[in-house]
Amino acid sequence: MQCEPFIDAASTRPRSSLRTIYENDKMKNIGLVAAAFAVLAVPDSLVAAPEHYTVRTMGDVVQLRDANADATVSVLTPVNNAYEIVVKGKNILRMNIKSVDDMRARPGLNGVPLLAPFANRLDETAFYANGQKYNFDMEFGNVRGPIPIHGYLSRASAWKMVEAKADASGAWVTSKLDFYRIPSYMQQFPFAHTLTMTYRLVGGVLEVRTRIDNLSNEPMPVAIGFHPYFQLTDSVRNDWTLNVGAKTHWLLAPNKTPTGETEPAAAFFGGDPHKVPLQRFATRPIDEVFSDLERDAQGNARVTMTGKEQSVTVRLGPKFKTVLVYSTVPGAQNQSPPAAAQPAAAAPSPPPVSIGPAIPLTAPEDAVPLRGFVAFEPMVGITNSMNLAQRGTYKELQSVEPGGSWEESFWIEAAGY
């Protein structure tokens, strides 16, 4: 015979069901209390973990930060120049400034300066494009002769920041220069265009990406480059080794422009260009142009300087066809020219490119003794490429069609810090 379950007088539920509900509620309460104590017991570092990538803006300076790699990149935005790349407290850039105010006053070739509209030297006070000769106005002041060098945008203070952001993929700052809006720029290089640059920090590696938009109605030659100086702090220049994966070395005339003749890179370095002890150049400088760079499957080339443990590598995208390697004998960069070569009167100092708050350097320069430097200069073409292309000597001059764009990156990576 089946018995009916006992029914509580105050409820229509069976007593067994009420017991189950009570036990479940009891366990839930215990679980909530345990969870609360568990939250209280979590270490602060886990409760409020710092973000991997961050961006900090201080007046006219933007700092990109990668906490995992302990890397900080500082950009002076009016001139769009990354004046510091600090990895684990060491600045891998060799600078001649002691403060951000110094950088504002004389950005010059400090940091990672853009050389435009032409990189390095021209062999006359003119350039050629589309079969036309364009003479510089030497009285204008922004191009100086008789061997013009490094263009005239390293002090350009008309850059406008487009954005400065960070997310889970990296930290970046993008700026734009409307070249075509500035008469003094167009006076010497009458090709209307805009320049857009992005510094992006990902995994401790800094990408420098440049885009050129040609607004003129003729093809615009592209002959830009960059001029970063690098240093290692674990050893001195004579103990460093270079790896320059290039097949061709361009022979230079006394004015440091290519003659058109070339030789194997190994012939210049006196052996394997992948393992060049700088001790070979202990008493003489290097200021040489290399092309036909060795490329990986993605079309990228690499040049590296290595010390005891530290190294700095510059990886060049496919459209950077050339690298110029520049290094003086340690101490030579601080020597004054002979008295006969000194100008009779010093030129007046140009006004600062910007005025902003006092910001300390992330890695004070005087904390690192002078050990030498090597400049790896990514260049779109060889020195004097526009003029040598006109003469038929250089075959790889790049250009941007009317209404078109040119875009490419190079990357800076430090290891062993």
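The values are calculated or read from the model by the stated rules, or taken from the named source; none is laboratory data. Just so it is clear, the structure is predicted and the values come from calculations on it, not from any experiment. No Cβ is skipped: glycine too gets one built from the backbone with ideal geometry, and neighbour counts run over all protein chains shown.
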Test LEU153 against the stated conditions and say whether it is surrounded by 18 or more Cβ atoms within 10 Å (Cβ to Cβ), assigned to a strand (DSSP E or B) and in contact with a helix residue (DSSP H, G or I) (Cβ under 9 Å, 6 or more places away or on another chain). no
Please go through segment 98-134 and give me each residue that is farther than 25 Å from TYR185 by Cβ and either of a type in the set (Val, Ile, Thr) or more than 21 Å from the chain's Cα centre (by Cα) (or both), ordered by number. VAL100
Name the residues in segment 177-187 that are crowded, with 18+ Cβ neighbours inside 10 Å and among the small types (Gly, Ala, Ser), would you? none
Selection count, segment 158-193, where residues are over 19 Å from the mean Cα position of the chain (by Cα) and farther than 20 Å from MET58 by Cα: 17
Here are some conditions: (1) polar (S, T, N, Q); (2) farther than 15 Å from VAL208 by Cα; (3) surrounded by 16 or more Cβ atoms within 10 Å (Cβ to Cβ). THR174 meets all but one. Which one does it not meet? (2)
Looking at this structure, is ALA339 at pLDDT below 95 and either loosely packed, with under 10 Cβ neighbours inside 10 Å or closer than 22 Å to ALA246 by Cβ (or both)? yes
The condition from (1) in contact with a His (Cβ under 6 Å, 6 or more places away or on another chain); (2) more than 18 Å from VAL62 (Cα to Cα); (3) of a type outside the set (Ser, Thr, Tyr); (4) modelled with pLDDT of 95 or more that LEU109 misses is numbered (4)
Please verify whether segment 203-211 includes one or more residues that are of a type in the set (Lys, Arg) and crowded, with 16+ Cβ neighbours inside 10 Å. yes
Of everything in segment 385-417 that's among the aliphatic types (A, V, I, L, M) and within 19 Å of the chain's Cα centre (by Cα), which residue is farthest from ALA126 (Cα to Cα)? ALA415
Residue list for segment 388-417, filter: farther than 30 Å from THR306 by Cα, among the polar types (S, T, N, Q) and either in a strand (DSSP E or B) or in contact with a Ser or Thr (Cβ under 8 Å, 6 or more places away or on another chain) (or both): GLN398, SER399, SER405
What residue, among those in segment 217-239 that are in contact with a Phe, Trp or Tyr (Cβ under 6 Å, 6 or more places away or on another chain) and under 20 Å from TYR152 (Cα atoms), is surrounded by the most Cβ atoms within 10 Å (Cβ to Cβ)? ALA223
Mind listing whichever residues of segment 251-274 are assigned to a loop (DSSP other than H, G, I, E, B) and without any contact (Cβ under 8 Å) to a residue 40 or more places away in the chain? PRO254, GLY270, GLY271, ASP272, PRO273, HIS274
Residue by residue through segment 127-150, note down the ones that are assigned to a loop (DSSP other than H, G, I, E, B) and either among the charged types (D, E, K, R) or not assigned by TED's automatic domain parsing to the domain that holds PRO78 (or both). ASP137, GLU139, ARG144
Looking at VAL325, VAL289, can you tell me which residue is part of a strand (DSSP E or B) and either outside the structural domain of ASP239 (by TED's automatic domain parsing) or within 22 Å of ASN91 (Cα to Cα) (or both)? VAL325
Selection from segment 115-153 of residues that are of a type in the set (Asp, Glu) and either under 22 Å from GLY392 (Cβ atoms) or in contact (Cβ under 8 Å) with a residue 12 or more places away in the chain (or both): ASP123, GLU124, ASP137
For segment 48-69, name all the residues that are assigned to a loop (DSSP other than H, G, I, E, B) and within 17 Å of the chain's Cα centre (by Cα). ALA69
Over segment 348-382, the set of residues modelled with pLDDT under 95, touching a strand residue (DSSP E or B) at 6+ places or on another chain (Cβ under 9 Å) and charged (D, E, K, R) is GLU365
